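One structure is given here, and the rest of the page talks about it.
The values are calculated or read from the model by the stated rules, or taken from the named source; none is laboratory data. Fair warning: this is a prediction, and the values are worked out from it, not measured in the lab. As a convention, Cβ positions derive from the backbone with ideal geometry for all residues, glycine included, and neighbour counts pool all protein chains shown.
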Amino acid sequence: MVRTVWWALAVTAVAFTAWNAASLTMFDVSMACSKIGESSSYQCSDRAVDVLGVWPLIGVGLFLATPPAMAAIALHKRFSWIAVAALVVLFMAGIAFVTHDSYSSLLVFALPMAIIGSIAAAFHRTASDARRKQLPAL
């Protein structure tokens, strides 16, 4: 079940990034548009993917999808907690770089992923836990 949760988080991260690629405008990702309503190199109504390009968006999608995918592949409790820590770091990076004209604000989505991941990691049973339950009590 834990593997399914991690894979679902990875797929959700990719879907979230793809949805934002289709819907974000520069007004959504640029602080200049939200403050003064204009910029010299683009219009605020331009699609963000047309102005910023697709590669930064792919990078953000990979940043969001890699920790849960690695936790799903490894399927070890320690890797689950490492993935949660990585998602928290991505969330903090999203907060730190929110003022840049980039997709870095999408990294804020790592917080709900980290919360769900921490719940999955807390319920992750290790092999030694399973063996202890199978051994008869002496």
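Points worth noting:
- Segment 110-138 - residue that is hydrophobic (A, V, I, L, M, F, W, C) and in a loop (DSSP other than H, G, I, E, B) and, of those, modelled with the lowest pLDDT: Leu138
- For segment 84-108, a residue qualifies if it is out of contact with any helix residue (DSSP H, G or I) (no Cβ under 7 Å at 6 or more places or on another chain) and not small (Gly, Ala, Ser), and the qualifying residues are Val89, Met92, His100.
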